[in-house]
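The values are calculated or read from the model by the stated rules, or taken from the named source; none is laboratory data. All values reported here derive from a predicted model rather than from experimental measurement. Methodologically, a virtual Cβ is constructed for each residue, glycine included, from the backbone with ideal geometry; neighbour enumeration extends over all protein chains shown. Surface accessibility is based on the protein's heavy atoms, side chains included, excluding ligands, DNA and RNA. Shrake-Rupley method; radii C 1.70, N 1.55, O 1.52, S 1.80 Å.
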Amino acid sequence: MRKIASLLIILFVSLSKASFAQYDPKAAAILDAMSSKYKSMPSFKAKFVYTLEAPNNVKETAEGEIVVKGSKFTLKLDGQEIINNGSTVWTYIKDANEVNVSNYEPDENDMSPTKIYTMYKKGYKYTFLEEKNENGKTYEVVDLIPEDRKPQIFKVRMEINKKDKTLKSWKIFEKNGNKYYYTVKEFIPDFKVEDNYFSFDVSKHKGVEVIELR
């Protein structure tokens, strides 16, 4: 109960700050520095831990890996692999040995891996929350609040390394009580990868069922 109360206090403090500092200059400077850091990299690779916390003590944890190059990305998480080359998306489900192929039709409300470090620039208010120290490193915590209150997501919290401006974690809060945590465990900037890494090779998956949705 004490933990829940603490989270509520933090939430209401964040929302009250957002109402007065809807586009906090300090938060903007932190976010701009982070965005510039990632945009300057031709590619990168990250390993992360994903955790879902839902009402009724539901908790799920999985480890994932992502490689990003420009607008392309490959995401591996919990038995699935999503490959996006900027025009086509392949979603491979390992247990079923099937792959769904569809056209990539981006939605401005999507929170794709290639948009996480630029999403604040449109449709969000933002405010600096605090600095925190962990294992000798300082992280700057920034809250993003959607301007449109209709979507399920009502807040995104980012923790950014103060020294190198890399994103340590982001947490997505939904109105239904679900919380999604993504924490980066290993980060490799300028990861060398060829463009063919961002397409699905049927020959490497014997017997795979291809479901064409285009």
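Counting only residues that are of a type outside the set (A, V, I, L, M, F, W, C) and farther than 21 Å from Glu98 by Cβ, region 66-85 holds 4 of them. Could you list, in sequence order, the residues of region 54-64 that are within 12 Å of Lys185 (Cβ to Cβ) and open to solvent by less than 40 Å² (accessible area, probe 1.4 Å)? Gly64, the sole residue that qualifies.
Before we move on, is Glu81 over 17 Å from Lys168 (Cα atoms) and among the acidic types (Asp, Glu)?
Details: over 17 Å from Lys168 (Cα atoms): yes; among the acidic types (Asp, Glu): yes.
Criteria met by Glu81.
Looking at region 96-118, is at least one residue assigned to a loop (DSSP other than H, G, I, E, B), at pLDDT 90 or above and out of contact with any strand residue (DSSP E or B) (no Cβ under 7 Å at 6 or more places or on another chain)? Working first, answer last.
Looking only at region 96-118, we keep the residues that are assigned to a loop (DSSP other than H, G, I, E, B), and these are 96-97, 104-118.
If we keep only those that are at pLDDT 90 or above too, we end up with 96-97.
Within this subset, residues satisfying the condition of being out of contact with any strand residue (DSSP E or B) (no Cβ under 7 Å at 6 or more places or on another chain) are 96.
Yes.
What about Tyr120, is it of a type in the set (Ser, Thr, Tyr) and buried (at least 16 other Cβ atoms within 10 Å of the Cβ)? It would help to see each step written out before you state the result.
Values: of a type in the set (Ser, Thr, Tyr): yes; buried (at least 16 other Cβ atoms within 10 Å of the Cβ): yes.
So Tyr120 passes the test.
Are any residues in region 157-201 in contact (Cβ under 8 Å) with a residue 12 or more places away in the chain and under 16 Å from Glu81 (Cβ atoms), and if so, which ones? The answer is Val193, Tyr197, Phe198, Ser199, Phe200. Glu131 meets each of the listed conditions (1) closer than 18 Å to Met119 by Cβ; (2) modelled with pLDDT of 95 or more; (3) of a type in the set (D, E, K, R) apart from (1). Here Leu75 fulfils each of the conditions (1) of a type in the set (A, V, I, L, M); (2) at pLDDT below 85; (3) assigned to a strand (DSSP E or B) apart from (2).
Scanning region 155-212 for residues that are open to solvent by less than 30 Å² (accessible area, probe 1.4 Å) and more than 30 Å from Thr127 (Cα to Cα) yields Val193, Phe198, Phe200, Val208. The residues of region 29-53 that are over 30 Å from Asn85 (Cβ atoms) and open to solvent by 20 Å² or more (accessible area, probe 1.4 Å), listed by number, are Ala29, Glu53.
Within region 71-81, how many residues turn out to be open to solvent by 50 Å² or more (accessible area, probe 1.4 Å) and either of a type in the set (A, V, I, L, M, F, W, C) or on the phi > 0 side of the Ramachandran plot (or both)?
Within region 71-81, the subset open to solvent by 50 Å² or more (accessible area, probe 1.4 Å) is 71-72, 76, 78, 80.
When the remaining residues are screened for being either of a type in the set (A, V, I, L, M, F, W, C) or on the phi > 0 side of the Ramachandran plot (or both), the result is 78.
Final tally of qualifying residues: 1.
Please list, ordered by residue number, the strands (runs of 3 or more DSSP E) wholly in region 164-214 having 3 or more residues that are farther than 16 Å from Val99 by Cα.
On the way: elements: 167-174, 179-189, 209-212.
The qualifying strands (runs of 3 or more DSSP E) are 167-174, 179-189.
Filtering region 89-106 to residues that are open to solvent by 40 Å² or more (accessible area, probe 1.4 Å), within 15 Å of Lys72 (Cα to Cα) and free of Cβ contacts under 8 Å to residues at least 40 places away in the same chain leaves Tyr104, Glu105, Pro106. Which condition number in (1) open to solvent by 30 Å² or more (accessible area, probe 1.4 Å); (2) at pLDDT 90 or above; (3) not in a helix (DSSP H, G or I) is the one that Lys26 fails? All conditions pass for Lys26, except number (3).
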